[in-house]
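First up is the structure itself, then whatever we jot down about it.
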2 protein chains.
Amino acid sequence: MPKRVDHAERRTEIAEALVRVAGRRGLHAVGMREVAAEAGVSLRLVQYYFQTKEKLLFFGLELLAERFGERVSARVRAAGDSPGPRALVEALLMAALPTDDESRTFHHLYTSYAVLAVNDPALAAQPFIKNPDAAEDALTELLRQAQEAALLEPGVDARLEAAGLLAMSAGLGTGILVGQRSAESATAVLGHQLNRIFRTGDEVST
Amino acid sequence: MPKRVDHAERRTEIAEALVRVAGRRGLHAVGMREVAAEAGVSLRLVQYYFQTKEKLLFFGLELLAERFGERVSARVRAAGDSPGPRALVEALLMAALPTDDESRTFHHLYTSYAVLAVNDPALAAQPFIKNPDAAEDALTELLRQAQEAALLEPGVDARLEAAGLLAMSAGLGTGILVGQRSAESATAVLGHQLNRIFRTGDEVST
DNA sequence: ACCTTCGTGGTACGTTCGTATCACAAAGCC
DNA sequence: GGCTTTGTGATACGAACGTACCACGAAGGT
């Protein structure tokens, strides 16, 4: 049976199994055996491709971040051919909301990792800072451009506003996740916020 | 030795030990034995006052929510004798930010519980919804009053704004928690947001 | 054609965890 | 003052977990 196999691919498959079971039962409850079963391989194999559980978890986080980045990019690209700044900003912020199973799992697990990182320096060294900071930079740049095109209300500080919007999006996402608020209500809150930032030339986008 | 003892008090002491050790090592890592050691009692005693770990965790959450409520109330009361609406709003929002050890632990553990609640219906039935909803109602009412006193910029929807501000505060709090942003930067973001909501009669309060 | 390396399975080990059990002393009740 | 209840200690148990170990079949290289 043992043909030569692509390690990277195998690792990705197993990490995807990890993400699935973690999304279903919670990151705290996932064990090597269950990941193996979900991936349809033996426990030994999980050990073989990841020597330790910690490494498996790290790789799972990387996978999660990567997939999420792709998702956001896709959303932004889908925002239209020559999208207005507001449509771009909206796409960026809405993509982070847990509106379907995939984004819900992402939000759930990312928060789980973040909580673990509070007490785990090794985990805290992972892309927890890098990734959100990049998003903040990107959004700030978007707002600056809109500002130069005189599309924003006066008195808006691009950087502070970007940070605030991203934090709001994250907070709303958590609210959705725990069932406190519906996805529709979250988008309404976000939309109202954008209405107050952008000059009234209402393009509410899709 | 066995004098008659106040159960409620004992349970609170043990739950406080739970909160301490959970804040130190993460909620996922806390065991009955460690809680017992932290509280300075035997494992048996923890079992005696809480029959099961689940009940201990529930009680810990209740304690956390209660203490946090008191903290917010204290902050709001300390906002001044006849505080302006903006000072009140600011006190409410800032109190939720993890600026010191106590609020940091609160934010950390509350988020931990929230993550667990995603996959645990019994935990989800605890005050996860009730409490934030109450905060949203209170903040909405505060904004409405400010609105009637013509202290707000036009075009502000009190309810949507309240929800947005609370979500932003929560999101900023998480950012502080994971070391992505400093407490000062978070308060700056929040302050800027309030500046754009309240009419310019700048009282930045303490 | 041999031999090394790679992929894989099965299983055992040591630890830790939550919980249950046994034992017993002090206090309250009548 | 005997007896029941209450508080407390020590320890045992069964399960689950991460990890380590042993064995072996099938390719690849030369």
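The values are calculated or read from the model by the stated rules, or taken from the named source; none is laboratory data. Everything numeric in this text was worked out from a predicted model, so none of it was measured. We place every Cβ from the backbone using ideal geometry, glycine too, and count neighbours over all the protein chains shown. These accessible areas exclude ligands, DNA and RNA; they are computed on the full protein's heavy atoms, side chains included. Shrake-Rupley method; radii C 1.70, N 1.55, O 1.52, S 1.80 Å.
Is region A:187-198 home to any residue that is at pLDDT below 95 and farther than 17 Å from B:ASP157 by Cβ?
For region A:187-198, residues at pLDDT below 95 and farther than 17 Å from B:ASP157 by Cβ: absent.
Within region B:139-196, how many residues turn out to be small (Gly, Ala, Ser), crowded, with 17+ Cβ neighbours inside 10 Å and within 19 Å of the chain's Cα centre (by Cα)?
So the answer is 11.
Can you tell me how many residues within region B:1-35 are near DNA strand D (Cβ under 9 Å from one of its atoms) and touching a residue at least 12 places away in the same chain (Cβ under 8 Å)?
2
Considering each residue of region A:32-84, count those that are over 18 Å from A:ALA95 (Cβ atoms), more than 11 Å from DNA strand C (Cβ to nearest atom) and either among the aromatic types (Phe, Trp, Tyr) or surrounded by fewer than 17 Cβ atoms within 10 Å (Cβ to Cβ) (or both), and give that number.
Total meeting the criteria: 12.
Scan region B:36-54 residue by residue and report those that are part of a helix (DSSP H, G or I) and either free of Cβ contacts under 8 Å to residues at least 40 places away in the same chain or not charged (D, E, K, R) (or both).
Let us first name the residues in region B:36-54 that are part of a helix (DSSP H, G or I), namely B:36-39, B:43-49, B:53-54.
Hits for region B:36-54 are B:ALA36, B:ALA37, B:GLU38, B:ALA39, B:LEU43, B:ARG44, B:LEU45, B:VAL46, B:GLN47, B:TYR48, B:TYR49, B:LYS53.
Please work out if A:ALA183 is in the same structural domain as A:LEU92 (by TED's automatic domain parsing) and either of a type in the set (Asp, Glu) or more than 15 Å from A:PRO85 (Cα to Cα) (or both).
Yes, satisfied.
Counting only residues that are assigned to a helix (DSSP H, G or I) and within 12 Å of DNA strand C (Cβ to nearest atom), which one in region B:10-31 is surrounded by the most Cβ atoms within 10 Å (Cβ to Cβ)?
B:LEU18
Check off (1) more than 10 Å from chain A (Cβ to nearest Cβ); (2) open to solvent by 40 Å² or more (accessible area, probe 1.4 Å); (3) over 18 Å from A:MET168 (Cβ atoms) for B:ASN131 and give me the number that stays unchecked.
(1)
Name, by its number, the condition in (1) within 30 Å of B:ARG104 (Cβ to Cβ); (2) free of Cβ contacts under 8 Å to residues at least 24 places away in the same chain; (3) more than 8 Å from chain B (Cβ to nearest Cβ) that does not hold for A:GLU141.
(1)
Between a residue in region B:174-187 that is within 10 Å of chain A (Cβ to nearest Cβ) and any residue that is among the acidic types (Asp, Glu), which pairs come within a Cβ distance under 8 Å, given they are 6 or more apart or on different chains?
What qualifies is B:GLN180/A:ASP133.
What residue, of A:ALA114, A:ALA134, A:ALA122, is in a helix (DSSP H, G or I) and more than 17 Å from the chain's Cα centre (by Cα)? So that I can check it myself, show each step before the final result.
Details: A:ALA114 fails: more than 17 Å from the chain's Cα centre (by Cα); A:ALA134 fails: more than 17 Å from the chain's Cα centre (by Cα).
Result of the check over A:ALA114, A:ALA134, A:ALA122: A:ALA122.
Checking B:PHE59 against (1) at pLDDT below 95; (2) among the aromatic types (Phe, Trp, Tyr); (3) part of a helix (DSSP H, G or I), only one condition comes out false. Which one?
So the condition that B:PHE59 fails would be (1).
Which condition number does A:HIS7 fail, the rest of (1) of a type outside the set (Phe, Trp, Tyr); (2) open to solvent by less than 30 Å² (accessible area, probe 1.4 Å); (3) more than 14 Å from chain B (Cβ to nearest Cβ) being met?
Unmet condition: (2).
Is it the case that B:THR99 is in a helix (DSSP H, G or I), of a type in the set (Ser, Thr, Tyr), in contact (Cβ under 8 Å) with a residue 40 or more places away in the chain and open to solvent by 40 Å² or more (accessible area, probe 1.4 Å)?
Taking the combined requirement at face value, the residue does not satisfy it.
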